[in-house]
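Enquirer: Let me give you the structure first, and then I'll get to my questions.
The values are calculated or read from the model by the stated rules, or taken from the named source; none is laboratory data. Here the structure is a predicted model, which means the values were calculated and not measured. Note: ideal-geometry Cβ built from the backbone for every residue, glycine included; neighbour counts use all protein chains shown.
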Amino acid sequence: MKILVIEDEEKQRRVLGLHLSSCGFEVKAAGTAEEALKHAGDVDLVLTDLKLPGMDGLEMMEQLRAQNSRAPVIVMSAFGTVEVAVKAMKQGAVDFLPKPFSLDHLTVVVDKALEVRKLRDENRDLREALGERYKFENIIGHSGAMQEIFGTVERIAGTRATVLLCGESGVGKDRIARAIHEHSPRKDRPFVKINCTAIPENLMESELFGYEKGAFTGATVSKPGKFEQANTGTVFLDEIGDVPASVQVKLLRVLQDREFERLGSNKTMHTDVRVIAATNVDLRAALEQGTFREDLYYRLNVVPINIPPLRERKEDIPFLAEHFALKFDGALSEGAIERLTSYHWPGNVRELENVLERSILLAPTPRLEAEDVRIEANRSPRAVDGGNNFLPEGMTLDQYEQSILREALKRANGNKSQAARLLGLTRNALRYRLTQMGIE
């Protein structure tokens, strides 16, 4: 490792050089900034005084960044005020040493700065290694399953075929939808995402198709819907299973005929949109329950893409983990990667990202060890009667299901959409079960 020492006092410069040489570093020394800049492109760290003859340390740092942006800079000064330290840090210094300081303290500061540089270099190398090898746009997938999905995306992106993305929450359905749009001829046109779960049932029709002034109380002006806003682009219907039956009919018409009417209008409007839908529930089960239209299902299911959960593609976890560690300015030890790979990730990629952000934020050093990985594992359901029975004593299956539904509604304060999410059902599926059981 090469260290450049810039100090105008010859005795101090010699002492610093001898000490750093005794620590195993190769030292280059200079008495002025102008002299130092001749050697700045070939060093691993710079230790500089602020008060120098001619060009001072702060000016020198500006020119140094142009020659060697990777070398961390440690600033020394006898004028150790907060203001001076702040100025140095703003110019890019990694640490500030007020004079006088001990040589032992200097060693600690130098080692810390070089460790930061090492992490940055590793991060840069990892970014280059990951590059495009396992990456499709902003999606990382080394597994065979993900590579197959990437191939499907490339084949169908240029068409206007409707796509149905299936998979658990957190697997990256929205990223696949965006990748399809970005690889299509519509990439410069609007991409409009609609979270069907987040829109109240009584507002969904007006949100999707717009409304005219006076269509309902409070409609003081006309407003275009999402399908108008997305004209010539792409509409992404996330959680399509939560669309109520009354709106499913109108969606079917848009898919078949590319036309609709605003709420409160008889004027037929035409739209040229590519539709991508996503669901985290089994729509075939919703067909059997009568909560989802069969004709709409087959209109959506032109190109089905099933995205596997993270636990079924564990070979992707190290690459995803490295990607998120870089994103949050951290690094991973082999032990940390092993611990991440051994976990089952019920929340999929989204949970992995959250765990790494939290762990890097709270870890004592930027490099995560196994013990620094903060996974809040979901507790498995508790067995009843010590695990000997599947149901509480004296309860039938129907009674047990009713109690679960009532408890979910209670926790959601009567909000059916929230209760459905707690149970892993669509809002329509929950409504169907409540009706069948006579629950208000």
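Enquirer: Considering each residue of the stretch 50-80, count those that are over 40 Å from the mean Cα position of the chain (by Cα) and part of a loop (DSSP other than H, G, I, E, B), and give that number.
Expert: Count: 10.
Enquirer: Would you check if there is a residue in the stretch 348-358 being part of a helix (DSSP H, G or I), at pLDDT below 85 and not basic (Lys, Arg)?
Expert: Looking through the stretch 348-358, none of the residues is part of a helix (DSSP H, G or I), at pLDDT below 85 and not basic (Lys, Arg).
Enquirer: Please note which strands (runs of 3 or more DSSP E) are completely contained in the stretch 257-344 and include at least 3 residues that are surrounded by fewer than 20 Cβ atoms within 10 Å (Cβ to Cβ) and modelled with pLDDT of 95 or more.
Expert: Output list reads 303-306.
Enquirer: Select from the stretch 212-270 the residues that are among the β-branched types (Val, Ile, Thr) and touching a strand residue (DSSP E or B) at 6+ places or on another chain (Cβ under 6 Å) and list them in ascending order.
Expert: Matches in the stretch 212-270: Thr234, Val235, Ile240, Val254, Thr268.
Enquirer: Looking at the stretch 217-232, can you tell me whether even one residue there is part of a helix (DSSP H, G or I), assigned by TED's automatic domain parsing to the domain that holds Arg186 and in contact (Cβ under 8 Å) with a residue 40 or more places away in the chain?
Expert: yes
Enquirer: Would you be able to tell me the number of residues in the stretch 1-49 that are in contact (Cβ under 8 Å) with a residue 60 or more places away in the chain, part of a loop (DSSP other than H, G, I, E, B) and buried (at least 22 other Cβ atoms within 10 Å of the Cβ)?
Expert: Within the stretch 1-49, residues that are in contact (Cβ under 8 Å) with a residue 60 or more places away in the chain, part of a loop (DSSP other than H, G, I, E, B) and buried (at least 22 other Cβ atoms within 10 Å of the Cβ) number 1.
Enquirer: Among the listed residues Asp104, Asp121, identify the single one that is among the acidic types (Asp, Glu), in a helix (DSSP H, G or I), touching a residue at least 40 places away in the same chain (Cβ under 8 Å) and surrounded by fewer than 16 Cβ atoms within 10 Å (Cβ to Cβ).
Expert: Asp121
Enquirer: Might you let me know whether the stretch 214-225 holds any residue that is within 22 Å of Ala177 (Cβ to Cβ) and modelled with pLDDT under 95? Break it down into steps so the answer makes sense when it comes.
Expert: Initially, the stretch 214-225 is screened for residues within 22 Å of Ala177 (Cβ to Cβ), giving 224-225.
Okay, now just the ones that are also modelled with pLDDT under 95, so 224-225.
Yes: the stretch 214-225 contains one or more residues that are within 22 Å of Ala177 (Cβ to Cβ) and modelled with pLDDT under 95.
Enquirer: Shifting gears a bit: Mind counting the residues in the stretch 283-323 that are of a type in the set (Asp, Glu), within 25 Å of the chain's Cα centre (by Cα) and within 30 Å of Lys250 (Cα to Cα)?
Expert: 0
Enquirer: Under 26 Å from Glu294 (Cβ atoms) and touching a residue at least 24 places away in the same chain (Cβ under 8 Å), is that true of Val153? Steps first, please.
Expert: Working: under 26 Å from Glu294 (Cβ atoms): no; touching a residue at least 24 places away in the same chain (Cβ under 8 Å): yes.
Judged against the criteria, Val153 is not a match.
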